[in-house]
1. So if I check each of 88, 63, 33, which one is more than 24 Å from residue 257 (Cβ to Cβ), in contact with a helix residue (DSSP H, G or I) (Cβ under 7 Å, 6 or more places away or on another chain) and modelled with pLDDT of 85 or more?
2. For the stretch 209-221, which positions are farther than 16 Å from residue 189 by Cα and surrounded by fewer than 17 Cβ atoms within 10 Å (Cβ to Cβ)?
3. Do you know which residues across the stretch 243-298 are free of Cβ contacts under 8 Å to residues at least 60 places away in the same chain and assigned to a loop (DSSP other than H, G, I, E, B)?
4. How many residues does the stretch 228-273 hold that are at positive phi and buried (at least 16 other Cβ atoms within 10 Å of the Cβ)?
5. With (1) part of a loop (DSSP other than H, G, I, E, B); (2) modelled with pLDDT under 95 as the list, and residue 237 as the residue in question, which single condition is left unmet?
6. So which of 226, 186 ends up being assigned to a strand (DSSP E or B), under 23 Å from residue 265 (Cα atoms) and assigned by TED's automatic domain parsing to the domain that holds residue 282?
7. Would you confirm whether or not the stretch 7-21 contains a residue that is surrounded by fewer than 22 Cβ atoms within 10 Å (Cβ to Cβ), touching a strand residue (DSSP E or B) at 6+ places or on another chain (Cβ under 9 Å) and outside any helix (DSSP H, G or I)?
């Protein structure tokens with residue numbers, strides 16, 4: 001499997017958003033992808049990790065934004081890639097003056113319409129494969145309808161106190177929260193965290209391990225049918241007005257990184273949601289990611 005290293009500067013805007021989209025396209029095309037927000041784990045010595053990932057990559061995609069122009073770290077990554085003979089493909093995220101150290105390379109302009117076929121063609125040339133853009137997010141029968149839910153039928157248990165913190169969410173004192181827009185009850189804390197403030201350390205799972213443990217019939221707060229959410233269910237939690245991109249009062253200490261869904265893509269891929277930028281993407285089943293469980297109230 002070919003491997004791509006995505007180099008970019010975290011700007012909370014054009015560059016970071018495009019980096020997430022490129023990752024999604026490359027994973028769909030069969031690439032292993034390194035991008036710091038998913039590749040770096042707690043405890044990693046980050047500069048050693050970046051060096052290792054770059055040395056084991058076949059190609060670098062450089063996302064060019066205003067912040068990249070002055071980023072010494074991005075400059076160092078590009079210099080190292082060229083020193084060890086890894087091809088660099090620059091992709092323009094916004095109209096900027098190209099830095100001097102980049103002017104010898106042809107740049108793909110993705111400021112307007114994004115020609116994914118052109119980018120994948122360039123990547124395929126370097127790795128000896130024919131690549132095609134990803135299909136749209138699959139429709140999953142029965143999961144698109146958004147249901148309303150009366151607060152009186154919100155899944156509260158006997159003796160469980162609740163606090164309605166918004167027009168949408170009801171927080172229960174047993175570690176759960178009801179979303180009145182979707183008829184879903186969620187665990188407030190990601191796996192590994194607990195308590196009212198969701199303290200502790202995140203638990204990371206491969207997809208197969210997560211499905212084996214939480215695929216269905218997991219027990220919590222008096223319910224025995226907790227499970228992994230589908231991609232459509234997980235996406236309903238995204239709130240791009242916040243960072244991480246989720247209601248932080250309702251879901252404290254949410255990791256601004258990738259969370260598994262139960263929705264598969266073929267035999268090797270699985271859909272995820274990134275609560276760092278609110279986007280979704282695909283990953284191999286062997287990646288280590290965060291899990292949040294859901295329970296159907298109805």
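1. 88
2. 209, 212, 213, 215, 216, 217
3. Across the stretch 243-298, the qualifying residues are 244, 245, 246, 248, 266, 267, 268, 275, 278.
4. So in the stretch 228-273, the residues at positive phi come out as 253, 266.
Those still in the list that are buried (at least 16 other Cβ atoms within 10 Å of the Cβ) too: 253.
Total meeting the criteria: 1.
5. Unmet for residue 237, out of (1) part of a loop (DSSP other than H, G, I, E, B); (2) modelled with pLDDT under 95: (2).
6. 226
7. Scanning the stretch 7-21, I find at least one residue that is surrounded by fewer than 22 Cβ atoms within 10 Å (Cβ to Cβ), touching a strand residue (DSSP E or B) at 6+ places or on another chain (Cβ under 9 Å) and outside any helix (DSSP H, G or I), so the answer is yes.
The rows are residues; the columns are (1) touching a residue at least 12 places away in the same chain (Cβ under 8 Å); (2) under 23 Å from residue 51 (Cβ atoms); (3) crowded, with 16+ Cβ neighbours inside 10 Å.
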residue	(1), (2), (3)
83	no, yes, no
86	yes, yes, yes
93	yes, no, yes
102	yes, yes, yes
116	yes, no, yes
123	yes, yes, yes
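The values are calculated or read from the model by the stated rules, or taken from the named source; none is laboratory data. Only a predicted model underlies this, so the values are computations on that prediction, with no experimental measurement involved. Every residue, glycine among them, receives a Cβ derived from its backbone with ideal geometry; neighbour counts consider all protein chains shown.
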